[in-house]
Each structure stands twice: as structure tokens, then as C-alpha cells.
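Every number in this text was worked out from the coordinates using simple rules, so none of it is lab data. As the structure is a computational prediction, the values presented were derived from the model and not from experiment. Heads up, the Cβs are rebuilt from the backbone with ideal geometry, glycines too, and the neighbour counts pull from every protein chain shown.
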């Protein structure tokens, strides 16, 4: 089973919209490069647990809220 089997759709774009934040806003708030955030949204790359924790804190959500899970 690879990461694409476990991780469903990344919900980061929806969460940003809900918080009225841009990718740039999130990048500034978290210190994560905007290009990297775009890769998470497009599913080119999955977040590490540490990154998911940082992003979830910035968006006031749970780590589980960042993806639709396929498990």
C-alpha cells in the first residue's frame, strides 16, 4: 500500500478558503514554502506528520481534517 492508497484528497485548499487565507498567508504563518504548499494541494507530495501539525495549528483544525482518508 503506497501513500496514494492511504491519503485521499488533500483538503488544504478548502480549509484555506474557509479561513479566508491564501497559500501565501499560510506560507508566512507557518514558514513553509508556498511552492511546497501547492504540492500538497495538488497531491504531488504528502505532508509529513510534523508539517501536518504545523499546518493544522495555523488553520485551527485537527490533523485528520487535512485529508480525506482512504483507510
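Some observations on this one:
- Axis of helix 49-58 versus longest Cα principal axis of the chain: the two differ by about 40°, to the nearest ten degrees.
- Ranking of 53, 20 by neighbouring Cβ atoms within 10 Å, starting from the fewest: 20, 53.
- Based on DSSP H segments of at least four residues, each scored -39500 (n - 2.57), the chain has a per-residue ellipticity at 222 nm of -13500 deg cm²/dmol.
- In the list (1) 34; (2) 66; (3) 28, the label attached to percent of Cα pairs over 17 Å apart as derived from the coordinates here is (1).
- Mean shadow area of the range 32-71 over all directions, Cα convex hull, nm²: 2.9
- The distance between label points at residue 28 and residue 14 comes to 2.7 nm (points 7 Å beyond Cα on the Cα→Cβ vector).
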